[in-house]
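Okay, so here's the structure we're looking at.
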Amino acid sequence: MLQGIAFYLMSAVAVLSGLLVVTARNPVHSVLWLILAFFSSAGLFVLLGAEFLAMLLVVVYVGAVAVLFLFVVMMLDVDFVRLREGFAAYLPLAAIVAGVLLAEMVMISIVVAQGGAAADAVAPALATADTTNVEAIGRVLYTDYVYVFQAAGIVLLIAMIGAIVLTLRRKESVRRQDPGAQTNRDRRTSVEIKGVTTGVGVTGEELR
């Protein structure tokens, strides 16, 4: 009974905070609601016996990603009023996409509840007294889902390269290093020998 109450309570908090992330007018409040959603999801993982995933969710997403979002939102002077000007134009398309996603989730939930495709799937290696959660996740991740794991890594790599390319700006006033030119230089282009007369500087002016 206590586990059921905790499950429904944290599920309700996670769903409500997820809705408030999208509907909140203040972006700082949206990030705070997102942190609450992460904590609620971590609690659900604890109830499922996946303590490693719960810790990973709190440390990585709450401790790094959500805090980074909060810093970016608070430091950047973004004109959110201008960003919302075209919201009504994209509302019909967004409603169609949201309806399709909702229908898919409902269909999957019905199939799982009836014991359909999910019941015939290969059961993952659960953590026992001899194996920990980390070992069980590692076995499943690097055996049954190794190709999906590598594909996800490639997608993240492409996203990182795309973000760098889109945000990289070259300005003439900014001095940047050229590793290729530094590596390929020789003595003729990097060293200049001058004969300096005693009492006279390099520029030829008499020293006082």
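What the table below lists for this structure:
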quantity	calculated
The range 160-165 - phi-based ³J(HN,Hα) in whole Hz, Karplus 6.51/-1.76/1.60, Gly and Pro as x	5, 5, x, 5, 5, 5
Fraction of alpha-carbon pairs over 15 Å apart in the range 7-79 - percent	55
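FYI, it's all coordinate maths here, none of it is from the lab. Keep in mind it's a predicted model, so treat the numbers as computed, not measured.
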